[in-house]
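Here's the structure, in structure tokens; my notes come after.
What follows draws every value from the coordinates through simple rules; no lab data is involved. This is a predicted model, so every value here is computed, not measured. Reconstructed Cβ throughout: ideal geometry from the backbone, glycine too, with neighbour counts over all protein chains shown.
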Amino acid sequence: MPHINLPEGFPGISAGFTYRPETAKPMRELAHILLHEPGSLTPGERELIATYVSSRNNCHFCQSSHGAAAACHLGDATVIMQVKADFLTAPISEKLKALLAIAGKVQQDGKLVTAADVEAARKQGATDLEIHDTVLIAAAFCMFNRYVDGLGTWQPDNPDLYAKMGRHLADEGYKEPSIKHPVEQPAPAM
């Protein structure tokens with residue numbers, strides 16, 4: 001049950017965005033720039049960073065929806081599970097592994113990121129822009145995850161719903177909602 005009276009049938013962040021559209025707009029724009037607009041990291045790599053941070057924050061909604069978007073971009077859902085389990089053994093580039101190490105430290109406490117972490121990423125070919133965006137994606141997803149979980153939003157277990165959201169996010173980005181109408185919620189347990 002949500003902690004406040006959120007619109008029924010809107011899962012995860014969609015409930016908060018529907019409740020307060022004036023704050024949703026800049027949050028959507030930030031997500032769109034970070035995850036969807038052209039950049040030196042691919043959209044799949046950026047979605048993977050968002051998924052990894054969300055999984056470390058144990059935010060079911062965000063790791064599921066962004067994991068589905070990453071799978072759409074990368075064409076392989078198994079890599080998402082591998083990254084969440086142990087990114088160091090996942091079949092991803094050494095550069096992305098170094099960036100995920102930074103993202104993981106930001107997720108815990110930004111002050112944990114060291115000059116050595118940044119240098120390790122640079123040695124793998126990461127640019128300053130990629131390091132910047134990794135830190136910002138990790139920080140933003142800590143905020144998004146805490147927003148979703150702090151409101152106690154409904155987080156469905158329906159993989160088809162997440163696949164649909166992921167396809168929308170991968171194809172259209174973040175400027176428009178991927179959930180435009182309420183989704184049927186299961187009846188509360190008695």
Report summary line: In deg cm²/dmol, rounded to the nearest 500, the helical mean residue ellipticity at 222 nm of the chain, built from -39500 (n - 2.57) for every DSSP H run of length 4 or more, is -20500 deg cm²/dmol
Requested in this report: Please list the helices of the chain that count as membrane-span-like by this rule: a mean Kyte-Doolittle hydropathy of at least 0.5 together with Cα atoms stretching 24 Å or more along the helix axis, each helix being a complete DSSP H run.
Outcome: 128-150
Query raised in the report: For the range 24-65, list residues with backbone N below 13 Å from a point placed 7 Å from the Cα of M143 toward its Cβ?
Result: 24-34
Report summary line: Env charge @ E29, Cβ radius under 13 Å, K,R +1 / D,E -1, value 0
Query raised in the report: Using 7 Å Cα-to-Cβ label points, what is the M81/E94 separation (nm, one decimal)?
Result: 2.9 nm
Query raised in the report: If the chain between I4 and E29 were fully stretched, how many nm would it gain, using 0.36 nm times the residue separation less the Cα-Cα distance?
Result: 6.5 nm
Report task. Find the relative contact order for the range 23-172 and round it to a whole percent, using C-alpha pairs within less than 8 Å whose residues are 6+ positions apart. Result -> 31 percent
**Report entry** Cysteines having no other Cys beta carbon under 4.7 Å from their own, within the chain
**Finding:** C72, C142
Query raised in the report: Which of K105/K175; K95/K164; K97/K123 have a Cα-Cα distance over 21 Å?
Result: K105/K175; K95/K164
